[in-house]
Amino acid sequence: MLILAIDTATTQVGCAIGGHEGVLASAHSSRGKRHAETLTPAIDFIRRQARIDLSEISVVAVDLGPGLFTGLRVGIASAKAIAHALRVPMIGVNSLDLVAFPVRFTNRLIVAVLDARRGEVYYAFYRQVPGGVQRLADATVGSPDDLASEIIARGEECLLVGDGALRYADAFAGLSKVETCERGLAYPTATALVQLAHARALREDWVNPWELQPIYLRAPDAEINWTTRDGG
C-alpha cells in the first residue's frame, strides 16, 4: 500500500510517498507562498525519486488544517483531484496532530501551536501514548496570552512545538516548566502525514474525496475583512 501525502496548511509546502517500508521520498519548501506553483512539480519529483507511477498510489492523505486559508484550499483541492483521478480513498489529518507527532517520545505535556495570524494561534494539548500521541481535546484558536493562561492553570511540565510557539515566544518566556522546540519542528510535515495515514489506512479508516472537509476554526481573513467593512 502506497500513500501520497500532501501538506500545504502553513507557509511550508510538503509532499511525500511511503507505506509499510516507511517514507520513500519527500520534499518540503518554506520559501514564499507559492503553494500552487510548488506543489505539482514537487509531487512529480518525489514520484520519480521513489521510482513509482502515480497509478500505484492506493491512498491520498492530506493535511486538513487548521492553517492558512489559501494554502489549505490548494492542498485539499489538489489532493481531491488526484484521488478522484486515481479512484482511490482519502485520509485527512489535523495539522496540530502532525506537529505533535514528531515529539511523541517526551513524557511532558505536548502543546502544539501554529500561527493563525491576526495575533492568534491554533493550539491543542497532547499526551504520549503507545505508538504516538493522543489529543486531549478539540483544537482551538485564541491569543498567545489565552494559551499561556491555560498552561499556567495546568501546572505541568510542557513542551511547546510549532511556529506559533516560536513567533509568540515572549508570551511563554516567563513560564516555568515550559520548553519550546527548535525551528526544525515548527511545521506539520508530509513525512509525519505518511506515518499517521498509514496506520489509519491499515484499519481502512478512510473516506471518499467528496466527504473530506477542511478544518476552519475561524472565518477566513477575506471574510473577516468584508464583514468588518460592511459593519463600518
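The values are calculated or read from the model by the stated rules, or taken from the named source; none is laboratory data. Since the structure is predicted, the reported quantities are computational estimates derived from the model, not experimental observations. Reconstructed Cβ throughout: ideal geometry from the backbone, glycine too, with neighbour counts over all protein chains shown.
Quick notes
- Enumeration of residues in the stretch 85-118 that are touching a Gly at 6+ places or on another chain (Cβ under 9 Å) and among the basic types (Lys, Arg): 104
- Residue 98 at pLDDT 95 or above and assigned to a strand (DSSP E or B): no
- For the stretch 21-68, a tally of residues being over 18 Å from the mean Cα position of the chain (by Cα), among the charged types (D, E, K, R) and modelled with pLDDT of 95 or more returns 6.
- Every condition in (1) exposed (fewer than 15 other Cβ atoms within 10 Å of the Cβ); (2) within 18 Å of residue 217 (Cα to Cα); (3) acidic (Asp, Glu) is met by residue 115 except one, and the failing one is (1).
- Comparison of 106, 8 shows that the only residue that is in the same structural domain as residue 129 (by TED's automatic domain parsing) and either in contact with a Pro (Cβ under 9 Å, 6 or more places away or on another chain) or among the polar types (S, T, N, Q) (or both) is 106.
Each row is one residue, and each column tells you yes or no for (1) closer than 26 Å to residue 217 by Cα; (2) buried (at least 22 other Cβ atoms within 10 Å of the Cβ).
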| position | (1), (2) |
| --- | --- |
| 9 | yes, yes |
| 41 | no, no |
| 66 | yes, yes |
| 73 | yes, no |
| 80 | yes, no |
| 93 | yes, yes |
| 111 | yes, yes |
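- Scanning the stretch 103-136 for residues that are within 18 Å of the chain's Cα centre (by Cα) and without any contact (Cβ under 8 Å) to a residue 12 or more places away in the chain yields a total of 1.
- Flag if residue 88 is part of a loop (DSSP other than H, G, I, E, B) and not small (Gly, Ala, Ser): yes
- Note on the stretch 1-35: residues that are acidic (Asp, Glu), touching a residue at least 60 places away in the same chain (Cβ under 8 Å) and over 19 Å from residue 116 (Cα atoms) amount to 0.
- 3 or more residues outside the structural domain of residue 58 (by TED's automatic domain parsing) and within 30 Å of residue 17 (Cα to Cα): qualifying helices (runs of 4 or more DSSP H) within the stretch 120-225: 163-167
- Single unsatisfied condition, residue 139 versus (1) of a type outside the set (Asp, Glu); (2) under 20 Å from residue 115 (Cα atoms); (3) free of Cβ contacts under 8 Å to residues at least 60 places away in the same chain: (3)
- The condition of being over 18 Å from residue 117 (Cα atoms), touching a residue at least 24 places away in the same chain (Cβ under 8 Å) and in the same structural domain as residue 127 (by TED's automatic domain parsing) holds for only one of 100, 83, that being 100.
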